[in-house]
Each structure stands twice: as structure tokens, then as C-alpha cells.
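The values are calculated or read from the model by the stated rules, or taken from the named source; none is laboratory data. Only a predicted model underlies this, so the values are computations on that prediction, with no experimental measurement involved. Here the Cβ is made from the backbone with ideal geometry for all residues, glycine too, and neighbour counts use every protein chain on show.
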Amino acid sequence: MRSSMATKFDAPHQPDEKFSNRQYIELNNDERFRHAVKDLEGFERIWIIWWFHRNDNWRPMVRPPRGKAKRRGVFATRAPYRPNPIGITATTLLSVEKNKIFVGAVDLIDDTPILDIKPYLPESDSFPGSKVGWLEEVDEFFSRPPAFVVTINGVAHEKLSWLRINFNIDFLERAQGILERDPTPHRTRRIVRLNDSLYRMGCGAWRLFFMIEGSNVIIIDVDRGYPEELLTKDSYGGIPDKEAQILFYTVFNRVVASGN
């Protein structure tokens, strides 16, 4: 998969057409694959079967990111921590151009290995009236108006604007959508409590610091997620937003809310 989403935080938990970019599946440069995609363009949607390549273990009980912090059996979820970490995604097929298959909204990060591609068949693959178990409770929760109002103070706003203007890095909308529903500590949502009044949320390569006052969530600061020794170490590769993180420290070389 070739995608603009570099981290798990960038990717939605399920594909969302509102945030669809022009990403594509890049097939191996093999003449046989060009024959394999023949007739695929006649389908509006396809299934992508893929590999959770950043997982190296599995858990029988997991905490899904949606809903309350409650453990569920992994086979009753779509969590990545599976005995065989295989994912499935139904998405819109936009076009097939030689060895590239352009698709709509997905929940896959860049470089995700693709195991297989299958056409989506509405008469076989869609059962809209089916029960969805514990997710019915979650859907009812998300049908209500958000319980919290999120605001941003001056320091955090300055840093977020700098990232957006200089590097086109913008994770605020995703973070705000999570915080306005439930800002309490949750491992899967990467929210931890630092002290009586301060919380931290991991947003891919970045960190948001916030406070909760009644039904108000106040984002008070932003910091990078990787320490200086890793950012300047040439042998340590695969750091998302590396250039932005290095320059961020130069521009905002001051104490952040965490005290670091």
C-alpha cells in the first residue's frame, strides 16, 4: 500500500470516505500481475486482504478504541493483535493503471503488505440487518452529542499552526474527535494521566497535553514524540515526521507541559 498515512494514529479505525486520499496498491513489477487485474475495473468496490506488519504478538482479550475501556475477546473485534494478524478492508476502486490500483478510503498505513484483492459482491457480502453484538451499545453512545467541548490555548495553537503550515502535518481533527467523546485514560487511544490535572495523548509522532475541567478539555501544549538521541541517530530509521521533529525542537526550544 502506498498511502500518505505513516502511523497508526493517522489511519482511521474504519475507512471514512470523508477523509479519502488518492492512495494506491502497488503490485510487483511482474507481467503476470497485469493479467491478474484484467476485468477488475468493472467493479465499484473491492476487498483488500492485508497484513498487520507492525504487530509481533497477539492477545486473547483486547480493549477496542471505541466505547468504554472494557476488554473484549479478540475474535469479537477487529483489533490488530490477532493470532494471525490479517486485516480486511472494503474500499472503492477508482482505477487500475498498469501495476497500480488506485482506491478510495482505507485504514491502511504506508507500506502495509497486501495479501490478496477480491471483488466486492453486494448480494454475497452485504447483510445490513445483521446484529452487531456489543457494538450496538457503542453505536448508541456515538449517536449522542459529544459530551466534552475541546478548546486550544495559545501555545498549543501556535505549535499546531506551525506544523500545518510548514509540513502539512495536521492531527488535530482526529484528536479532537476522540477527546470530545471520552478524554479519560485509555491504552488503545494512547491517553495517559500524568498527574492530578494533566493528561497526555499520543498522536502518531506527536504528543498532545491537555487538562479536563468539568465538561471542558483544554489542549495546553504539543510536543514531539521522539527524543533527540533517536532523531539524530542515523542508524535508527523509520521515524515518521523526522525532519519536522528535529526543526520543531529548534523553533520551540522551551519547556513543555510535561516538564521535559
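Tabulated data for the structure shown
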{"quantity": "Selection within segment 67-105 - of a type in the set (A, V, I, L, M, F, W, C) and touching a helix residue (DSSP H, G or I) at 6+ places or on another chain (Cβ under 6 Å)", "calculated": "Val96, Ala105"}
{"quantity": "Any hit, segment 52-69, residues being small (Gly, Ala, Ser) and modelled with pLDDT of 90 or more", "calculated": "no"}
{"quantity": "Sole exception among (1) loosely packed, with under 12 Cβ neighbours inside 10 Å; (2) not in a loop (DSSP other than H, G, I, E, B) for Glu137, by number", "calculated": "(1)"}
{"quantity": "Residue list for segment 54-95, filter: under 17 Å from Asp116 (Cα atoms) and of a type in the set (A, V, I, L, M, F, W, C)", "calculated": "Ile86, Ile88, Ala90, Leu93"}
{"quantity": "Selection count, segment 132-150, where residues are touching a residue at least 24 places away in the same chain (Cβ under 8 Å) and under 22 Å from Val74 (Cα atoms)", "calculated": "7"}
{"quantity": "Filter result (assigned to a strand (DSSP E or B) and either farther than 12 Å from Leu40 by Cβ or not β-branched (Val, Ile, Thr) (or both)) within segment 93-115", "calculated": "Leu93, Leu94, Ser95, Glu97, Lys100, Phe102, Ile114, Leu115"}
{"quantity": "Residues located in segment 1-51, provided they are of a type in the set (S, T, N, Q) and either within 14 Å of Gly104 (Cβ to Cβ) or at pLDDT 95 or above (or both)", "calculated": "Ser3, Ser4, Gln14, Ser20, Asn21, Gln23"}
{"quantity": "Residue check for Ala90: part of a strand (DSSP E or B), in contact with a Lys or Arg (Cβ under 7 Å, 6 or more places away or on another chain) and not hydroxyl-bearing (Ser, Thr, Tyr)", "calculated": "yes"}
{"quantity": "Test: residue in segment 120-131 that is touching a residue at least 12 places away in the same chain (Cβ under 8 Å) and hydrophobic (A, V, I, L, M, F, W, C)", "calculated": "no"}
{"quantity": "Failed condition for Asp221, given (1) surrounded by 15 or more Cβ atoms within 10 Å (Cβ to Cβ); (2) part of a helix (DSSP H, G or I); (3) acidic (Asp, Glu)", "calculated": "(2)"}
{"quantity": "Top-ranked residue in segment 142-180 [being within 15 Å of the chain's Cα centre (by Cα), part of a helix (DSSP H, G or I) and not small (Gly, Ala, Ser); ranked as surrounded by the fewest Cβ atoms within 10 Å (Cβ to Cβ)]", "calculated": "Glu173"}
{"quantity": "Subset tally (residues that are outside any loop (DSSP other than H, G, I, E, B), in contact with a strand residue (DSSP E or B) (Cβ under 8 Å, 6 or more places away or on another chain) and without any contact (Cβ under 8 Å) to a residue 60 or more places away in the chain) for segment 25-74", "calculated": "4"}
{"quantity": "Only one of Thr89, Thr77 that is under 16 Å from the mean Cα position of the chain (by Cα), under 29 Å from Asp139 (Cα atoms) and polar (S, T, N, Q)", "calculated": "Thr89"}
{"quantity": "Residue count, segment 187-218 (criterion: β-branched (Val, Ile, Thr) and assigned to a loop (DSSP other than H, G, I, E, B))", "calculated": "1"}
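Yes/no per residue for (1) modelled with pLDDT under 90; (2) among the aromatic types (Phe, Trp, Tyr):
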| site | (1), (2) |
| --- | --- |
| Ile86 | no, no |
| Lys100 | no, no |
| Asp107 | yes, no |
| Pro113 | no, no |
| Ile117 | no, no |
| Pro122 | no, no |
| Asp125 | no, no |
| Trp134 | yes, yes |
| Phe148 | no, yes |
